[in-house]
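Inspection log for the structure reproduced underneath, given as structure tokens.
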Amino acid sequence: MRDRHASHSARRAREFEAFVAGAAGRLLHAATLLTAEPPDANPRARRLLALSLAHTYAYWDRLHGEDPYDRTRQFLATRFAREIWHRYGVLGRARRRPVGPLAGLAPHERLILVLRLYEGVAEEQASALLGLPVDRIRTICDRATATVLHPRPAPIRPAAAAAAKTAEAKAATP
């Protein structure tokens, strides 16, 4: 009995290690895009990926032919959605300014854009995963795509504009 259990555990570990070796890079990149962290300094993305992989490993025996990559991606997306809801929806805590190509997007826009364009998830699947209507997914994705392709210049804050005028005046005075 112990030998059979040990061989099952070893086979499970080998299968999971092979899955991680093949999928972890792409999943880490997706998590990094979601968190809008720099690729070389991405602790939130690595934590998000580690939690997703741990969930997949715990669920490994119950996959029954289901794609483990899809399961991990679903958990990654729902975990990120829950995190941004807690961070911005209820608690409203501020955090560092995001960086990277998707930095100008709100977290929910990044989530939908990464799911739809980077991961290739269909609108209907993204809708079911996030609990939003398909039209809302489509609208957010279109708006986020337009923002990434045609970024607006950052607005000048009144205090910064006043400081710039003062600096110009001092420079112009002999």
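Scanning the range 22-48 for residues that are open to solvent by less than 20 Å² (accessible area, probe 1.4 Å) and among the aliphatic types (A, V, I, L, M), we see that the one that is farthest from A103 (Cα to Cα) is A23. For the range 49-88, filtering for residues that are open to solvent by 40 Å² or more (accessible area, probe 1.4 Å), of a type in the set (F, W, Y) and in contact with a Lys or Arg (Cβ under 7 Å, 6 or more places away or on another chain) leaves 1. Take Y69 and decide whether it is among the hydroxyl-bearing types (S, T, Y), farther than 29 Å from V148 by Cβ and in a helix (DSSP H, G or I). Spelling it out, it is not the case that Y69 is among the hydroxyl-bearing types (S, T, Y), farther than 29 Å from V148 by Cβ and in a helix (DSSP H, G or I).
Conditions tested, residue by residue: (1) assigned to a helix (DSSP H, G or I); (2) modelled with pLDDT of 95 or more; (3) in contact with a Leu (Cβ under 9 Å, 6 or more places away or on another chain); (4) over 24 Å from E109 (Cα atoms).
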| residue | (1), (2), (3), (4) |
| --- | --- |
| E15 | yes, no, no, yes |
| A30 | yes, no, yes, no |
| L33 | yes, no, yes, no |
| P38 | no, no, no, no |
| Y57 | yes, no, no, yes |
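Looking at the range 27-51, which of the residues that are free of Cβ contacts under 8 Å to residues at least 40 places away in the same chain and charged (D, E, K, R) is farthest from R116 (Cα to Cα)? Here the residue is D40. Listed by first and then second residue, the pairs with beta-carbon distance under 8 Å, at least 6 apart or on different chains, first residue in the range 52-77 and touching a residue at least 40 places away in the same chain (Cβ under 8 Å), second β-branched (V, I, T) and open to solvent by 60 Å² or more (accessible area, probe 1.4 Å), form an empty list.
The values are calculated or read from the model by the stated rules, or taken from the named source; none is laboratory data. The model shown is predicted, which means the values in this text are computed figures rather than measured ones. Every residue, glycine as well, gets a Cβ built from its backbone with ideal geometry; the counts of neighbours run over all protein chains shown. Side chains included, ligands, DNA and RNA excluded: accessible areas come from the protein's heavy atoms. Shrake-Rupley method; radii C 1.70, N 1.55, O 1.52, S 1.80 Å.
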